[in-house]
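Notes follow the structure.
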Amino acid sequence: RDEKWQEQCFFFPNAPQRQDLFAHSVALGKHAAVIGSPNRNLLNINSGAAFIFYITFLDLSFDKESSTVIEGNTTDLSLSRKVLQEPCPVGVRSIDRNAEEDFQKYVNDIFTFDFYEGLHIELTPVDKMIGYANMAFGRSQYYGSEESRSYWVDGMFDYRGVSDYALIHEETIIQPGTSLFSFPFHSTNDQVYEHDEYVLVHVTLPGMFASQLGHLRTVVSIVDDGDGKDLDTDALETYFTKLTKEGSSSTNDRFGNTVDIDIVSGVAVVGSPYANNEKAGSVHVFTKSKDTGRWKQSSLISPGAHAAPLGFFGESVKINKAYGRDDISILVGAPGLAKAFVFVCENLKTNEWNLQGILQPDIDIVVPGLNFGSKGSIAIFNDFSFVSSSKLETVFAFRRNYDADNSIWKWTLWQKLRSSHYSETFYNTLKHIHRQNFGAAIALHKRTLLIGAPYADYGSRRTLNTDVPDNNGLKRGRVYSFYSHPHVQAIRLRSNKMLIRGSFRLCFKNHLGYALEISNPISFNSSVPSFKIALEHLKNIGEVDVTLLRSVEEGGKFQWKWLISFISETEASIPKLEPIWHNFGCDNCDSLIPLDIDDAATQLEAFIIDDQSDFFEESFFQSSDDGGSQLFGSSIAIDNNQAIVSAMHSSAKTRTSWDFETGDLIGWISTGDAFDFQPTFGDNSYFRHGYGISEGAIENQSSNLRGRYYIGTYEKHPSNEKYDYLTPDEEYPPGNVGGDEPQGTLTSDPFMILGDKIKFLIGGGCDHLLQYIELLIDGMPSMRETGKCSERMKKEEWDVSHFKHRSAQIRIVDASSDEWGHINIDHIQFSWNIYHGFEETPMAGAVYAFRRKDQSTQKDCVHPGRIDKLNCTWHEEVRLVASDKRSNSLFGTSVTINDDKGLILVGSAHSRLQGFYKENLPIYPYHTISTLQFPAPEFLANFARNGNTYSASGGNMRFASNMLDIQNRTNIENLDVPFYNVQGGSIYAFLRVPEKVGYRDGKNVVMISPGYWFGTEHGKIAPPDVRARDKFGGSISLDGFSSIVGAVGSDSDSNIFHNNGGLSYFVSMLWVHVKFTKLEYVALEGRDEYITITLERDPIIANKTIYIGYSTSDITAHGVDRLKFLKCLEMPIHDRRGCGDYEQTSGLALFPNGYIYTSFNVQITNDLCRERYSEYVQLNLHIPGGGPIHGENYRAQIRIDDNDWEQRTDGFITSTDCIQGID
């Protein structure tokens, strides 16, 4: 064509046969080619055949080799030709990774890939042919109009971004004289943040397949339109985005192995320890644009001349902005070099990161394998740095001091920390260190350092080698708490009379290169915050804590005393503060009035209270759960007085006492006050006057309990738990009651359903919305039972056969203070073995929350002084477990905490891929997109309610489980997915319930109830495009509500499949404070043109503008697209057949600044079709740009009730039976 030979296409039979010797001979004419196939089989006879191909298509050419379209837009693709005399048959189609199976087999035969059996593999032949990991997914699905592109897939909202454009498959004949053939390319405007995606479009005809080298193909690039980003407000908030390193990735770079973020500076750092030559490693710095709010790589850090193969530079990373200074430091571990590196940026505008120091152990021979600087083993705060070597059972403490002579900062080794249980044995001349893995993980908050030793406490065996398999089951693990007292000074102001005015200033001399720094004037009665601001304004003072003590001394003298703790100071000695005041060095200070003091020169004095101490071990702590090999201490986080410790090899055993015969609530978590005095000892209701009967008239009402104890929230006759659970507490005699006023919930530990039945005794109130026992499946309510308004408990049972191999919890609810506002429960039984401590989910993982409290007051430790800290100890608050726990999930792979926000994030890097209803995803999910197809048959409507009642489900796990059975799909655990659905990863968010406070005597604040963590997650998230072995959640960092999450197994490079280069994600966690206001919204067809769905957010985040994503999905109702719905509105009501039940709806809900509530509307179809069952629509919230949020607060449902069932006549209009669906 262009005087240059170029491969244009393959000729290959549309129905190929093996060994038919196709192309044994070829003849070429002007408009046709004849190809011989002498061994072609016809009617079982190898009689041979000749294929004739019309080749005028070779004159065609796409006008562009590539083009670009922003998602949601349409662009035209054009084919042109030069020879116009002949008609030209032509077909065009998108070569899509989700193409039909016959086409996939055809491609497989052409390119002779591995033997192909269906689509149940990770890569289809089209994937292998194209080689791009970022190919778009085409989908054309009918929802009522000619608009075939949609981000609903099989009735469900497309959370995964697998519907990127409308499929192309057109055939025509270009008539003589026509030089151009154009056709549209429609991209889909989804709500998922994605990298640019590619679509390959071919000229295609039977028996012909376009070559990738010629002009019979073109590539369309679909560019994301800004999903996950708020561009409408001044906040420029990013909710979800990917952090990708610039340039291409190598295989197994492990980008995202460790991550950290400083949101105030707008800097995130990501380690890639296997990058560069032979795993030398690199670190990538990302900054947040102030103009767009987007994150972009700004710098690449390497060890420079220190780089070496297998150095693993970037195996660990931490970032810290020095308090009160502009410099930002990044600490990078390189265990292959047995070194850690400190890089500093003085000004983010330059993005210049300079190597400031190299940290290494002070041993004679430094070799790789010491785990010095390995993942999780580094920490930095201001001018402190810590690097551990678990092989040496040592943590090395370094500090940065200012060298005034050379005007530079220097890092030096300060201390070597070892646990109080450090042990070594000499055998002949060999020294063997007993392995506890002290330093496997460390976490630092200011001057408190936590050090994990997951192999500690290995029992009483005295073996020379503690690493032998016999000891593995004995290692319970410990966490050691180290602390360094800060420098403490005091400023004392005295007066014989009460002062009414006056000020002073403070001087700090010859420190950090500054000869003299003087504070702004400080009032004589300065508050703690004001005093702190004045001191921290000095350039040579970092972070301080201030405590104010006011007193009246003997003789009526007044004294103000400010204690100043120098939190960030590392110098061994510091100058003493010097006060100056009016007539004593400060001319612009206000006079202290009245001036009445015995010695005016000592009216203001400074004292050194304490010098900085070395770090010392103050305590150690363990989990309350028995058992070894849980790796307790394998990952740690600390913020203020809150510590989070992972035991990712824990089986998360169920500890719950199902018959309450222990006399306590072991394995149950309570909220509110209804269960404060439970369980109830004996048949307490029998020893009081009958409920609802006037006092004095006695009618015995037995509870029908089994054994000694039961739950009775009306009763107040608990056990003598502290001394003898076999006897009741004498303070509350038989017949004593707490009444109906208390309310609360009681929730069990998660357990696996391994049988068919759960039985229990239930009595008390009879309102299924207020007093009930319910079964949660994977965290979602699914079954429920209430009492009969009788104290006598009766046996009930649940059929749980549909939930086999799913995780469950039992929750008892008392949500009423009215008559019969209580519930009785006892004797919960299972049709399978579920005894206390049964190990049903090995290596599921668990995390423990600890709080540091003052031993004398049981309140948080609030003062950093030497004396106060000695009174502080760590107390276990709760064990955290995934509500959908599964074996080998490694829940606790990573942990992070923000104490001020009351937010814990837990990474579970090995949790399996699951769908919206926790069902297994198809192994290759793009042809058969979903395991469940919606809408479901209308007769299943009752499954949208909690079993045994009419209460709304919201989560619809019961519905989905029954659908799996009806559609002959396999149960969630029984599908053999050893390779294709594993280790996708997820993040679990836990939200602390804040303490409740009130006022005593109208002014004194008192705590009504303490804050607490619930034992299972508040919500769970994963990226919409997560795939097997991505290991999302392998690393995580949280600052405020901003998080960075690593996924080391993700295919980061769009041009390479299975390169496992790694990815990192930025995810805003503001969603944890948003929820639906109802579990179920009810619309009556004919009365309600639309239903308003209201969302609510917590007032603590009401001071900013935020967005949350929302969507509808079919359950039993049929959703139609916007064009179809509008068309139906124009029809007379008696013609509205096949118009569906509601309009598919999705978008972003805006919470304006200061607003607690927002809403969106879902349009309801009004027709005259009689519908026997209520119809249901699933509602769900999602992170803008991200995937769905799993959790009770983030799911609800619409129930549409029909108004046409009763036969009626309205003029000529009569309600009728209709075939359900969409025309």
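Worth pointing out:
- Estimated inter-spin distance, D610 and N41, nm [label 7 Å along Cα→Cβ]: 8.9 nm
- Hydrodynamic estimate: the Kirkwood radius of the stretch 487-610 over Cα pairs, inserted into Stokes-Einstein at 20 °C and 1.002 mPa s, corresponds to D of 145 µm²/s.
- Within the straight-line cut-off of under 20 Å between alpha carbons, the lysines reachable from K653 are K475, K804, K885, sequence neighbours fewer than 8 places apart in one chain being disregarded.
- Spacing of the two label points (7 Å from each Cα toward its C-beta) at N189 and R294, in nm: 1.9 nm
- Net charge, S67 excluded, C-beta distance under 13 Å - Lys, Arg +1, Asp, Glu -1: -2
- The Rg/Rh ratio of the stretch 545-646, with Rg taken over Cα atoms and Rh as the Kirkwood radius over Cα pairs, comes to 1.20.
- One compactness figure for the stretch 63-223 is 1.07, namely its Cα radius of gyration divided by 2.2 N^0.38 Å.
- Unsatisfied cross-links (Cα-Cα over 26 Å) in the set K288/K918; K128/K1031; K318/K1031; K375/K1104; K245/K318: K288/K918; K375/K1104
- The length gained by stretching the chain between N277 and I666 to full extension, at 0.36 nm per residue less their Cα-Cα distance, is 134.6 nm.
- Square roots of 5 times each gyration tensor eigenvalue, C-alpha, the stretch 1073-1217, largest first, Å: 33, 14, 13
- Computed from backbone phi with θ = phi - 60° and the Karplus coefficients 6.51, -1.76 and 1.60, the 3J(HN,Hα) list for the stretch 515-521 is 5, 8, 10, 10, 6, 5, x Hz; x is used for glycine and proline.
- Computed from backbone phi, the HN-Hα couplings of the stretch 201-211 come to 10, 10, 6, 9, 9, x, x, 10, 9, 5, 7 Hz, rounded to whole numbers (Karplus: 6.51 cos²θ - 1.76 cosθ + 1.60, θ = phi - 60°; Gly and Pro given as x).
- Environment charge of L1181, counting only residues whose C-beta is closer than 9 Å and scoring Lys/Arg +1, Asp/Glu -1: +2
- Coarse-grained scattering of the stretch 1058-1131 at q = 0.11, 0.19, 0.23, 0.25 Å⁻¹, given as base-10 log I(q)/I(0) from a Debye sum over alpha-carbon atoms: -0.54, -1.00, -1.18, -1.29
- Mean Cβ neighbour count within 10 Å, used as a protection proxy, ranking 372-381, 757-766 highest first: 372-381, 757-766
- Remark: the M498-K349 segment gains 48.5 nm on full extension, using 0.36 nm per residue and subtracting the alpha carbon distance.
- Three-way shape call for the stretch 1109-1189 based on the alpha-carbon gyration tensor, with the a/c threshold at 1.5: prolate
- The ratio of the alpha-carbon radius of gyration of the stretch 611-668 to the globular-protein estimate 2.2 N^0.38 Å is 1.59.
- In the stretch 253-319, the alpha-carbon atoms span a convex hull of 76 Å³ per residue.
- Here the simple spin-label model places points 7 Å from the Cα toward Cβ, and for I1100 and I52 these points are separated by 7.9 nm.
- Amide hydrogen proximity for C1139: with H placed 1.01 Å from N in the peptide plane, the residues at 5 or more positions away or on another chain lying under 5 Å are D1223.
- Per the Debye formula on identical point scatterers at the alpha carbon atoms of the stretch 157-289, with no solvent, log10 I(q)/I(0) at q = 0.10, 0.12, 0.13 Å⁻¹ is -0.58, -0.76, -0.84.
- Protection proxy ranking, peptides 174-184, 288-298, average beta carbon neighbours within 10 Å, highest first: 288-298, 174-184
- Added length on full extension, which subtracts the Cα-Cα distance from 0.36 nm per residue, D724 to F11: 248.0 nm
- Cross-link pairs beyond the 23 Å C-alpha cut-off, checked among K242/K1020; K349/K532; K561/K853: K349/K532; K561/K853
- Its alpha carbons give the stretch 27-136 an Rg and a Dmax of 18.5, 54 Å.
- Converting phi to 3J(HN,Hα) with the Karplus coefficients 6.51, -1.76 and 1.60 and the offset θ = phi - 60°, the stretch 550-555 yields 10, 7, 10, 7, 4, x Hz in sequence order, with x at every glycine or proline.
- The value of relative contact order for the chain, using C-alpha pairs under 8 Å at least six residues apart, is 9 percent.
- If you wrap the tightest convex hull around every Cα atom of the stretch 668-830 and split its volume per residue, you get 107 Å³.
- Remark: C-alpha extents of the stretch 299-431 on the principal axes read 59, 33, 26 Å, sorted largest to smallest.
- Multiplying each eigenvalue of the alpha-carbon gyration tensor of the stretch 42-93 by 5 and taking the square root yields semi-axes of 35, 18, 8 Å, largest first, rounded to whole angstroms.
- Taken over the chain, the ratio of Cα radius of gyration to 2.2 N^0.38 Å equals 1.07.
- The amide H of S619, built 1.01 Å from its N in the peptide plane, has S481 as neighbours under 5 Å, considering only residues 5 or more places off or on other chains.
- Compared with the dominant principal axis of the Cα atoms in the chain, helix 101-111 is inclined by about 90°.
- Under 5 Å, built H, 5+ apart or other chain: amide partners of D590: S503
- Highest average packing first - 299-311, 1033-1045, Cβ atoms within 10 Å: 1033-1045, 299-311
- Residue (of H768, S782, H802) at the positive-pole extreme of the stretch 668-830, dipole from beta-carbon charges: H802
- Radius 10 Å from Cβ of R294, net charge of other residues (Lys, Arg +1; Asp, Glu -1): +2
Read-outs throughout are calculated quantities, based only on the coordinates presented, and are distinct from any laboratory measurement. Note that the structure is predicted; figures quoted are calculated from it, not measured. Cβ coordinates were reconstructed from backbone atoms using ideal geometry, including for glycine residues, and neighbour counts include every protein chain displayed.
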